[in-house]
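Here's the structure, in structure tokens; my notes come after.
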Amino acid sequence: MAERPDKRQNRNRNQRKTHIPKASPPLESAKKARALSVLSDGPAMRNLPPLTMLRVFEEVARHRSFNRAADALNVTQGAVSRQIKQLEEYLGISLFLRTPRGLTLTESGSALAPHLSEAFDQMERALQAVRVPNLRQRLRILAPPTWSARWLSPRLRTFLQRYPDISLSVTNHLDGEAAGELDCRIRFGLEQALHCHSELLVMERHIAVASPELFDGEQPPELNAHPLLHILHEGKRLRVWENWLDAMGRSDVDAGSGIEFSTLDQVIHTTLAGGGVAVIDRQMIERELAAGSLLPITPVEVIGPYGYWLDIAQEKKGLSKVQRFQDWLSLVSNP
């Protein structure tokens, strides 16, 4: 006897409500099992504060100064203070004491500092061990041409021996497209630059010099008898002659007279040729003074006010190649 249509419809509805789960593929099940095993049986996460706190503490402990640590880390003193406060709250102890003589480590801070320094050293060694061998980094420097040729070049061999994995690119001009590739800048000027890390490398040490041709035996040349040679900077004459004459107490020489040049090299070559007398930074003419091709008129030396500054953009400050160049310059410079 045939089924009634209403009974068949009810049975179909019941079948549609019944759901039989499909079996998971063996590989997928194994993956889930391993994931659960790692979560339940694996080692617990390390109970460490942020590495930034530890890095800041190491710098403050090294320098015994919040200010110097802030400069080294290229952050504000307030940021350093906050990191130290957060670390002290995390540990529940004081790490530093402020005394009339400055900042000192507490007993706990003294115990922690060497261990952290060693830990960072180990991390650095581990990274160096897996780093691609002979991977060279290119350091791009913008610098005045005379400084590059006369100050940097004679000293470069020591830098290259110390850091053989760094290739240098030194230029005195960058167009707009290449400016973003610049790592640091050597700048001739009077003061620190704003909106970047800026530190003094060397101050100028001016002496008056002339070619031996202009000397009469050991008698130096008369300043009024020869042209005074001047250097232009950004279209204006540097007042090096005025500063030197003031130091000498000479008011009988017209500092405004003479010949102007756009580069220091032009002044040096003209002086070597006996074309006049010049006041020049002695650090730029070390070879000529040593060889006797230029002679000081007097031993009087005027320091500054101009100098050479190292400027590093904030986003470049943390690069290892820039830090190495900065550290090396601090060793070979004498502000």
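The values are calculated or read from the model by the stated rules, or taken from the named source; none is laboratory data. Everything quoted here is computed from the prediction, not taken from an experiment. Glycine also receives a Cβ, built like all others from the backbone with ideal geometry; neighbour counts cover every protein chain displayed. We work out accessible area using only protein heavy atoms, side chains counted, and drop any ligands, DNA or RNA first. Shrake-Rupley method; radii C 1.70, N 1.55, O 1.52, S 1.80 Å.
Looking at the range 267-294, I want the residues that are at pLDDT 95 or above and have a partner that is among the aromatic types (Phe, Trp, Tyr) and assigned to a helix (DSSP H, G or I) with Cβ atoms under 8 Å, at least 6 apart or on another chain. Which pairs are those?
Here the result reads VAL279/TRP241; VAL279/TRP244, each pair linking the range 267-294 to a residue that is among the aromatic types (Phe, Trp, Tyr) and assigned to a helix (DSSP H, G or I).
Can you name the residue in the range 73-106 that is among the aliphatic types (A, V, I, L, M) and open to solvent by less than 50 Å² (accessible area, probe 1.4 Å) and is also nearest to the chain's Cα centre (by Cα) among such residues? Steps first, please.
Step one: list which residues in the range 73-106 are among the aliphatic types (A, V, I, L, M), which gives 73, 75, 79-80, 84, 87, 91, 93, 95, 97, 103, 105.
Remaining after also requiring open to solvent by less than 50 Å² (accessible area, probe 1.4 Å): 73, 79-80, 84, 87, 95, 103, 105.
Details: LEU73: 11, ALA79: 20, VAL80: 19, ILE84: 24, LEU87: 27, LEU95: 29, LEU103: 26, LEU105: 28 Å.
Step by step, filter the range 73-106, then rank; the result is LEU73.
Which of the strands (runs of 3 or more DSSP E) found entirely inside the range 160-251 contain at least 3 residues meeting this: not aliphatic (A, V, I, L, M)?
166-171, 184-189, 197-210
Of the conditions (1) within 19 Å of TYR308 (Cα to Cα); (2) at pLDDT below 90, ARG185 satisfies every one except a single condition; which number is it?
(2)
Scan the range 112-153 residue by residue and report those that are within 21 Å of LEU168 (Cβ to Cβ), of a type in the set (Val, Ile, Thr) and either loosely packed, with under 13 Cβ neighbours inside 10 Å or at pLDDT below 80 (or both).
Passing the criteria: only VAL132.
Residue by residue through the range 67-89, note down the ones that are at pLDDT below 90 and either more than 21 Å from LYS316 (Cα to Cα) or outside any helix (DSSP H, G or I) (or both).
Result: ASN74, VAL75, THR76, GLY78.
Test GLU58 against the criterion of being at pLDDT below 90 and either under 32 Å from the mean Cα position of the chain (by Cα) or surrounded by fewer than 13 Cβ atoms within 10 Å (Cβ to Cβ) (or both), and give yes or no.
no
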